[in-house]
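The values are calculated or read from the model by the stated rules, or taken from the named source; none is laboratory data. Small disclaimer: the values here were computed from a predicted structure and weren't measured. No Cβ is skipped: glycine too gets one built from the backbone with ideal geometry, and neighbour counts run over all protein chains shown.
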Ligand SMILES: Nc1ncnc2c1ncn2[C@@H]1O[C@H](COP(=O)(O)OP(=O)(O)OP(=O)(O)O)[C@@H](O)[C@H]1O
Ligand SMILES: [Mg+2]
């Protein structure tokens, strides 16, 4: 029996990255000292630009040759230099696959991905230390029994043990969820877990924050809190935020919006026009 696989998930030059969870070693900031020095050197000379050129991702059959049996992303080309960028598109259009290219969770079968001048396949640790990824499903990345322990895990390479709990609490306070610190993550609501997952990623100061549908589980108050928080990380910390969403109102916080359809970028503009283009696309399909 053969199983289809995503093109590029296995390569000769890089081990298969985890597709469904962010194990501790893969968290941003979780790099060895040697890698850390390389990261600092790379960061000093890096461009502040995300560049995709003719990127294709497909599903392969399980033969030795690995024939593409289905395309997921085709000829994706863009250069992103804006602080806030959103990807819009229907279910299955390719948004999550595209976002996972940003930190090497998925690799391209052809074309090029450069994150601030670095290639996620050639320099995976450096790219992961720069790019924080927040999954739609927080269960994919919360690995410790309580929120505070999860944040402490994120901080283990940056903050001495004696100061770690206080530092972790500060991060939870920033998101207004310090009261959840010692609760079991299994008892938390979906929205609470989504905020904890975001806190665990923000704790290690990523320079690029990638969020896959960050508002799906949030109520109105937490959605507005997230909007404010993302604004703050952009203005105070200089973080760039890349996200996907089905929440067309939330999408308007972006500076630029790209619409994905059938694995291709079909529109690229300011959010208001992109939302209109996306609506027109859906309406044209349903008539
Ligand atoms: N590991 C995989 N193996 C095979 N097919 C996959 C894999 N991951 C994604 N796909 C397929 O690729 C297409 C794009 O999926 P993707 O998750 O990127 O879409 P999406 O735009 O994020 O959708 P949604 O809005 O539902 O989250 C879908 O048809 C999906 O079934
Ligand atoms: Mg998705």
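Below, the figures for the structure above:
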{"read-out": "Unique residue being away from ligand 1 (no atom under 16 Å from the Cβ) and surrounded by fewer than 16 Cβ atoms within 10 Å (Cβ to Cβ) when the list is 110, 154, 129", "value": "110"}
{"read-out": "Residue satisfying condition, being closer than 24 Å to residue 199 by Cβ and within 16 Å of ligand 1 (Cβ to nearest atom), within set 235, 245, 228", "value": "245"}
{"read-out": "Residue pairs meeting the criteria (Cβ under 8 Å; at least 6 apart or on separate chains; first free of Cβ contacts under 8 Å to residues at least 40 places away in the same chain, in the range 64-83; second assigned to a loop (DSSP other than H, G, I, E, B) and within 12 Å of ligand 1 (Cβ to nearest atom))", "value": "67/61"}
{"read-out": "Qualifying positions in the range 82-107 - at pLDDT below 95 and away from ligand 2 (no atom under 13 Å from the Cβ)", "value": "103, 104, 107"}
{"read-out": "Filter result (away from ligand 1 (no atom under 16 Å from the Cβ), surrounded by fewer than 22 Cβ atoms within 10 Å (Cβ to Cβ) and in contact (Cβ under 8 Å) with a residue 40 or more places away in the chain) within the range 134-149", "value": "143, 144, 145"}
{"read-out": "Wholly enclosed strands (runs of 3 or more DSSP E) of the range 226-287 bearing at least 3 residues under 20 Å from residue 132 (Cα atoms), in contact (Cβ under 8 Å) with a residue 40 or more places away in the chain and touching a helix residue (DSSP H, G or I) at 6+ places or on another chain (Cβ under 9 Å)", "value": "240-244"}
